[in-house]
Each structure stands twice: as C-alpha cells, then as structure tokens.
Amino acid sequence: MARYRNAFLVFTLALGTQMGIGRADDGLDAMAESGGQSDGFHMVDNKSVTLGSISATWSGPHGSATSFATYGALSLSVNSFSGDDSHGGNYAAGSVDFGDGTVQQNYWLDTMIVDPSIDHPKDSPGTLQITYFFKGSFSVSNITFSTASGWSFITNGTLVRHVENTGQHQHQQLLHDRRYGVFQLWGSVHHPGGIAASAQTNNSQDATASAHLSLRETNITVLSGGVAVDFTASSKTGSAASKNISSGGSYAGFTLQNTSPFGHGSTVSILGGTASANKTLNATFTGAPGELAPVASDVANISGTLTDKYVLQLSYDPATANSLYGGENNLELLWLDPDTQNWVNAVAGDSDGGMASQYFTGAYNPATEFVLGDYGVDTTNHVVWAVIDHNSGFAAGQEVPEPGTWAALLSGVGMLALFRRRGR
C-alpha cells in the first residue's frame, strides 16, 4: 500500500450562520441591528475585517445589539422591547435569517496548516476534530399572542435551535455545551457553522426578549484511523500541538509557541509531571470572547492530563502587563473557570480548591516546589507557573476579586499563609 507523509495540510474553517460561507480570504464579520416593523425604523451596523478583532454595536428605539468576533471566538448580546409599538415586530439581532434568504452573519474564517508527525495510508484519511465551548442564555417576558425568536448554534451541519413561545410568563434557559466539528484532512473540507441570535417581540406591548451567547474554539485533535496522533498546527486563531505520552512517561519537555500574527507570541510549557496512564497531551492557543477580562498573554487551552499533577508555565508580554496592571510583580497563572467564565488563580481549579496554595517569586524549582498548589511569577524570564491537577484555558494576568468567590477567599488566606520568597 502506498504511503506518504503530508508535511503541510491546508484547509479552511468557516464559522457563520449558514453552511459553506464563500469567502476566499480569511476574515471576521460582526453585525448588530435593531428595528420595528410598524414605524419602519431600521438600522444595521455590519463590519468585516481581515485583521485582529472586530465589534459592531447598535442601539435604537426597539432594542440594542452588540457582536464581537475574533479568530477562534464569537460573542453576541441582543435585547429587544416592544414599548408602545404593539402592532409590529420589534427586534434586535446579532445574526438572524429574515426569512427572505438574506442572512446577516457573525463568523470568523481561518486557514490552518497542520503537520502530522506520522505517515498515513493514502486510503485512510486523517481527521481533524475541533472542540467548541458554547454558553448562553435566552429569555423573554410579557409575551402575549406571539412567538419570540431564539438562538441557533451550528457546527458541521448540526443545528441546535431554541424557539420560545411563553405566553405571559418569563423563561430563562442556560446553555453549557460542547460540540465537535470533524473535517477530513485529505478529503473535501466541510465548513462548520456558528451562532445566531434574534430577540424579537411581536404584537406585544411592553414585552422584552434577550439573548446572550458565546462560542469559542478550545481544542484541536488530529486522528488517523480514529487514533490521536502527534501534530503541530498554525493559524491566525493560534498554534496547536499534541503529543502522546505513555503510562509512566514524563510530561516535561512539552512546549508550544503561539505564532498567530494577532497574539503576544506566548509560549506554554510543561515543566514536570508523570502520566498515570497512556495520555494524549494537547495545547491549543485560541481566541477569547470580548466579554472576558483582558490578560497579558495569549490564551492556552490544555487537555489530556486529566487529574495528573503537572507544572504548567506560560510566558507573557511585559509591555502588556505594565499597561494593564502597572507591573509584573503581581501576575499569576490564571484559569478560565468553565462554569462562571471568570479568570481566577489557576490553583483554584485544583482538587483541593487551592487551599494548600503557596506563592513564590522566581523561576520554578523542581527540587522543592513540585507541590500541588505552589505557584509563582518569574519577572526575569517573564513567565508565570503553577503546580496543578486540572485542565481548561489558562492565561497570565490578575484575577478580579468578586464577593463570595474563591478569589476573595484566596486574598484572606494569603494574608495568613506562609509566603516563601527565594532570592535570585
């Protein structure tokens, strides 16, 4: 059987509200609009770019909408209210099909180059598997004699749609889901979808409707014959890499630099840890929705270690740290809590909730600091690190304290805990 090695496998990803978006170049699209049917008042803010990120915002008598798009992530926030316009359909939309074939889109379009590390049988195409994190809510109130529009989420042809018809009561549905888009690396490329939201009130005085959604790419895996293989990949969204680790093998030495032209050029590394079973270690740099707090590094999603203890290190941009926080001394490795979507200290996600945390300044010392909950910042080499036993998204920055959260608890514990400071 003929075998060959594909040094570079190029395909296009498109995220939008319909399949097969026909853009030839990479780019971003964000749309916001609001309008009312009885008075004919209508407005649209639609923008398209090929660089960085983009947002569109519009507000009017019948509602408001804000859309944000960056490579690898989308977020939408729309609100609509009927007011005195009780004879028409009032709406706000971030992305909606108006029923006449016209579709306003929010999407990113990216080209990815994948380099698998093994040869593949020609008749056994490799497969790219992308994991998306989707979260949102849709609510309506005081709806009478009409239907309020909802939201939709599409990946690779799978449509999930929620349409609300509530009568006069209020309904809230929270969504927390993961979907997979699968693409043949050596066959035809299928475009995945995206998210759409329309908050609409028809024939209902003083009715309101709102939708708040976010979609983020979180992980990339390359399969051959259904088995994960080692690979590296690059795109405008961010770099990615995967490595299979045998049971008893060390995680140390795994490293990946983000080559995205719109990132900070961050490098994520694993400095220690042992695989408790055969594991597929994966790192993916990806975009984050605009509602997340700014950070001083690129966002790196780590998966595959599961509950194994390991040391994660991430570099940051000192100029961004100075701009955001006035310096580097108080930076820490942050973890994106998947339930709250808030940045907190990375050790807060540990199996002990971070209760055994200890803070250090300087480089990680494997001889004394391979202890769950140890974390620190090395301002000489511009990196943050932590000893953790969980996965998710990570970044360098400062958490925002909120009452009742672990951040407030850590602040109190930190005043009493033993702080060990090493001289350089």
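The values are calculated or read from the model by the stated rules, or taken from the named source; none is laboratory data. Worth saying up front: this structure is predicted, and the values here are computed from it rather than measured. In this analysis, Cβ positions are derived from the backbone assuming ideal geometry, glycine residues included, and neighbour counts consider all displayed protein chains. Protein only, heavy atoms only, side chains kept; ligands, DNA and RNA dropped before computing areas. Shrake-Rupley method; radii C 1.70, N 1.55, O 1.52, S 1.80 Å.
Whole-Hz ³J(HN,Hα) for each residue in the range 281-289, computed from phi via Karplus 6.51 cos²θ - 1.76 cosθ + 1.60 with θ = phi - 60°, x for glycine and proline: what do you get?
3J(HN,Hα) across the range 281-289, in whole Hz: 7, 9, 10, 9, 7, 8, x, 10, x.
Show K236, K47 ordered by accessible area, largest first, where the area counts protein heavy atoms only and the probe is 1.4 Å.
Correct descending sequence by accessible area is K47, K236.
For the range 252-330, what is Rg from Cα atoms divided by 2.2 N^0.38 Å, rounded to two decimals?
Expressed relative to 2.2 N^0.38 Å, the Cα Rg reads 1.22.
Between F262 and D206, what is the FRET efficiency for a Förster distance of 60 Å, r being their Cβ-Cβ separation, to the nearest 0.05?
0.85
What are the ³J(HN,Hα) values, in whole Hz, obtained from phi via the Karplus relation 6.51 cos²θ - 1.76 cosθ + 1.60 with θ = phi - 60°, for each residue of the range 215-231 in sequence order, with x given for Gly and Pro?
Couplings: 9, 9, 6, 10, 7, 10, 10, 10, 10, 10, x, x, 10, 5, 10, 5, 7 Hz.
Return the tail of the calculated pair distribution for the range 251-398, meaning the percent of Cα-Cα pairs more than 27 Å apart.
The answer is 12 percent, as a whole percent.
Provide E369, E291 ordered by accessible surface of protein heavy atoms (probe 1.4 Å), highest first.
Result, largest first: E291, E369.
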